[in-house]
1. Please arrange Ile49, Ile61 by how many other C-beta atoms lie within 10 Å of their C-beta, fewest to most.
2. What residues have an amide H closer than 5 Å to that of Thr51, excluding those fewer than 5 places away on the same chain, when H is modeled at 1.01 Å from N in the peptide plane?
3. Could you give me the ³J(HN,Hα) list for region 29-41, computed from phi with Karplus coefficients 6.51, -1.76, 1.60 and θ = phi - 60°, whole Hz, x at Gly and Pro?
Amino acid sequence: MSTMSLYSFANSIEQLVHAIVNDLKVRENVTIKTSHNVKELKFDKEIEIYTNNGTFRAEYIISTISTIPSHELACLLPELPYLLYNPSVTLAVVNIAYG
């Protein structure tokens, strides 16, 4: 575990989500999409995001909390092979990805 970091949150992991959302909401160049199930990501000059609610383009994406296991998230983000290292865990895991 010497190469891993472990963090805990006094008011649950939700405080991380609220902090990120509150910071991003005030930025004019940010659009926040919630309740979108991402089906596919294509990386080129822009990122194409295919969801159950349509297709979107972005220069950057931030995924804060994934409700799918990390080994399934790895299929969407093959550039992040570490997602395959922990196929299941006994505690909540937050995968923060910025692309």
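Please treat every number below as a calculation from the coordinates, not as lab data. The model shown is predicted, which means the values in this text are computed figures rather than measured ones. Note that each Cβ is placed from the backbone with ideal geometry, even for glycine, and that neighbours are counted across all protein chains shown.
1. So the residues, fewest neighbours to most, are Ile61, Ile49.
2. Lys39, Phe56
3. Result, rounded to whole Hz: 8, 10, 10, 9, 10, 10, 6, 10, 8, 6, 9, 7, 10.
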